[in-house]
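As structure tokens, the structure follows; a few thoughts come after it.
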Amino acid sequence: SVFFQALFNLLIPDHAADAFSPPRLPEPGLWDLLLEQLLGGLSRWDAEHFLFIAERGYLYEHNCAFFPLYPLALRALAEGALWPLQRLLRLRSRLLLSAVLLNSLFSILAAAALYKLGCAVLRCRRLAFLAALLFSLSPANVFMAAAYSESTFAFLAFSAMWQLETGQSWLSGLLFSLASGVRANGLINAGFFLYSRGKCFALQLQGVSGPVRKLPPLWKQLLSLASSAVLVCAGIFLPFALFQYYAYVRFCGAGTGLEPTIPKPLLQLALDKSYRLVATDGDKPPWCSQRFPVVYSYIQDAYWNVGFLRYFELRQIPNFLLALPITLLGSWAAWTYIIANPRHCLTLGLERRKSEEGGKPSAGFCCPAVFVYVVHATVLLAFGFFCMHVQVLTRFLGSSSPILYWFSAHLLQEREPLLWSEGTDRQTAAPRPEQSLRGQSGSCGKRTPENPVVRLLLNCRLITPLGKCILGFFLSFWLLGLILHCNFLPWT
């Protein structure tokens, strides 16, 4: 990604976009200019906000739409491990280099966490491995590489889900809490912990038999589970609450005397673009007078016109078409799971199941453990489609939910004959395309296979139209993202 963005950034002139672009202070040196030529394509659009916050703090009001943990990590790396480069590179250049290094590391760790999560939930190493490989070709890849918080959030979210699946509730809660300090949609991850606690208690109740004298211990356990759920959820919401309080103090408090320390070019930018600065003259933003002053929702409303059905305009049809692949794939995933497990969905997965009930698969995408992840992805999809700028759906889901990768891997595993003979002792040749793999019989071997994505790409003429569509979606968005985003052209 780094090589291709440098190539495209060199060959294609940057588009003159009306995006946040603060002046470079101080003037860049020779090594700064060289680094900008090599990595500048990864500092476009919202990346400018993250780099500016890491360098200058929350100077402008609309910067508060971007949560602080990722900029803090960039600053720590730039001032720590990259400190020896300070004589060659100014702070912003070191921050950009920190973003590339940090995102490369977190992308790898996120893929590893997704693989571990897939093994725990899908109970199929081959399917989990294929999903992790698809993550490395994510249609949101450019945002995993650029100075965005997507790779950090994906690593924390997938790791937290994995730890929860393995019974490490408190470690999972800590990781979920850190994730909510990276992106606002980390708050919805509290649902995973609440569902886990609720399901545990519901299944224990169904396993209780005998006289009423056994109920008091259950009530004690209910109180214990409830208290742990409240504490963990409070921890998950704490970073969001602290950040809103910080913004309130910074923008709604009395003048703090910071005005002389703000460079004149940044003050001029605020005047030219009508950016609201930190409180200096008693002029408070309108959100300060709300009963519960939340700067995040105000910024989404006032600066980006985010709200229910606000994006449903004729001129936004191209953006809806851009979001069509991920919308269809996410909807298809939910429909497939519901059709395969209607009773399980109606009972919210809280009913104790008999072993091998109804011949349902115990492994693979349609297994019972996937239910909560399907709900999570569907909620994100519906919210993003109706309430957000719809073109961000691809990176929104691609960095938050494993369902995109699990379902794509499931479709490829079930529909591609080239993959059917992997890891099975009884199959010596690939079955005919019309043969069925219901229940994924023989598709979950214990041995981790060779790279199945490479096999499909090398035999692209032999794969099915569905396989071509899935791989085409991943690869085309991977490539177009680098070409368009890195040159300030509109993208997701």
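The values are calculated or read from the model by the stated rules, or taken from the named source; none is laboratory data. Note that the structure is predicted; figures quoted are calculated from it, not measured. With ideal geometry, Cβ positions are generated from the backbone for all residues, glycine too; neighbour counts draw on all protein chains shown. All accessible areas refer to the heavy atoms of the entire protein, side chains included, with ligands and DNA or RNA removed. Shrake-Rupley method; radii C 1.70, N 1.55, O 1.52, S 1.80 Å.
Projected label points at Q206 and R315, each 7 Å from Cα along the beta carbon direction, are separated by 5.3 nanometres. Compute the Cα gyration tensor for segment 284-337, then decide on rounded, prolate or oblate, letting a ≥ b ≥ c be the square roots of its eigenvalues: rounded whenever a/c is under 1.5, prolate when a/b is larger than b/c in the other cases, and oblate in all that remain. In terms of gyration-tensor shape, oblate. How far, in degrees from 0 to 90, does helix 150-165 lean away from the longest principal axis of the Cα atoms of the chain, to the nearest 10? That works out to roughly 40 degrees. The residue among I262, L419, A146 whose Cα reaches farthest toward the positive pole of the charge dipole of the chain, with charges on the beta-carbon of Lys, Arg, Asp and Glu, is L419.
How many lysine pairs are close in the chain, with Cα atoms under 20 Å apart and the two 8 or more places apart or on different chains? Spell out each step's value before the answer.
Values: K116/K446; K199/K214; K199/K220; K199/K354; K199/K360; K264/K273; K273/K284.
Going through the chain pair by pair, I get 7.
The slack in the chain from L346 to L101, taken as 0.36 nm per residue of separation less the alpha-carbon distance, amounts to 83.7 nm.
How much area per residue is accessible in segment 83-141 when the probe is 1.4 Å and only protein heavy atoms are counted (Å²)? Let's see the in-between values first.
Details: 2160 Å² over 59 residues.
Here the residues of segment 83-141 average 37 Å² of exposed surface.
Angle of helix 46-56 to the longest C-alpha principal axis of the chain, folded into 0 to 90 degrees and rounded to 10: 50°. Enumerate the residues in segment 178-193 having an amide nitrogen under 18 Å from the point lying 7 Å beyond the Cα of L225 toward its Cβ. It comes to 190-193, nothing else.
Determine the order of D283, D46 by accessible area, beginning with the largest, at a probe radius of 1.4 Å.
These residues rank, largest area first, as D283, D46.
Note down the magnitude of the dipole of the chain about its Cα centre, charges +1 on Lys and Arg C-beta and -1 on Asp and Glu C-beta and zero elsewhere, to the nearest 20 debye. Don't jump to the answer; show the numbers that get you there.
Values: 41 positive and 27 negative charges, 334 e Å.
So the dipole magnitude of the chain works out to roughly 1600 debye.
Tally up the carbon and sulfur contribution to the accessible surface of the chain as a whole percent, 1.4 Å probe, everything protein left in place. Carbon and sulfur: 65 percent of the exposed surface of the chain. The structure-derived value of volume of the Cα convex hull per residue in Å³ appears in the list [x] 144; [y] 179; [z] 188 under the label [y].
Each residue of segment 472-479 was assigned a 3J(HN,Hα) from its phi angle through the Karplus expression (A = 6.51, B = -1.76, C = 1.60, θ = phi - 60°), giving x, 4, 4, 6, 5, 5, 4, 6 Hz with x at Gly and Pro.
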